[in-house]
Amino acid sequence: MRNSRALAVSAAAVAALGFAAPAAVAWDSPSNIVALPGVIARGGQMTITVDGCRDGGTATSNAFPSTTLSPVHGANETSKGTATINSNANPGTYDITVNCSGRTLTRPAAFTVIGGVRGGIGGSSTAGATPTDVAIGGGLVTAAVVGGGLFWMRRRSEKRI
């Protein structure tokens, strides 16, 4: 009976140590990268928040230059930074790699860059009517003139009778 109690206590101690060890190792390593907004236009600013990065660090991506992450006061083990997307970044998804206290973490497809919009012209990307637009408009005008002429000619003949 004494052996079974000793074995049970030993097993409980080993289990508690086994559950605590991964948490102690993960204490100083980045664990979660959040990029807001997740969809951003070229030239826009994005906020990067990293959990498990108590002393700050850096965030890098192909879409923006290296950005400094600063510790957030009042938040346990969290750092934050603001990145400005390059104005010549190609539309698509991008990864973010974070380096905190010599440890790195990469979040694949962390955010998406969209192409810029030409403001002031209703979002249009062409400068004028295309040949197809001219042909459709010309056909509609022709149909209206022919239809109006036929209607007028028919009304005119009704008055003579």
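The values are calculated or read from the model by the stated rules, or taken from the named source; none is laboratory data. In this text the structure is predicted, and so the values were computed from the model without any measurement. Quick reminder, even Gly has a Cβ in these numbers, built from the backbone with ideal geometry, and neighbours come from all protein chains shown. Keep in mind that these areas ignore ligands, DNA and RNA; they rest on the heavy atoms of the full protein, side chains included. Shrake-Rupley method; radii C 1.70, N 1.55, O 1.52, S 1.80 Å.
Scanning the range 93-112 for residues that are hydrophobic (A, V, I, L, M, F, W, C), under 11 Å from the mean Cα position of the chain (by Cα) and open to solvent by less than 50 Å² (accessible area, probe 1.4 Å) turns up 110, 111.
Within the range 48-81, being of a type in the set (A, V, I, L, M) and in a loop (DSSP other than H, G, I, E, B) holds for 63, 72, 75.
Number of residues in the range 34-77 that are of a type in the set (Val, Ile, Thr), open to solvent by 20 Å² or more (accessible area, probe 1.4 Å) and over 17 Å from residue 102 (Cβ atoms) equals 5.
Scanning the range 78-92 for residues that are open to solvent by 30 Å² or more (accessible area, probe 1.4 Å) and polar (S, T, N, Q) turns up 82, 84, 86, 87, 88, 90. Within the range 117-161, the set of residues being modelled with pLDDT of 70 or more and outside any helix (DSSP H, G or I) comprises 129, 130.
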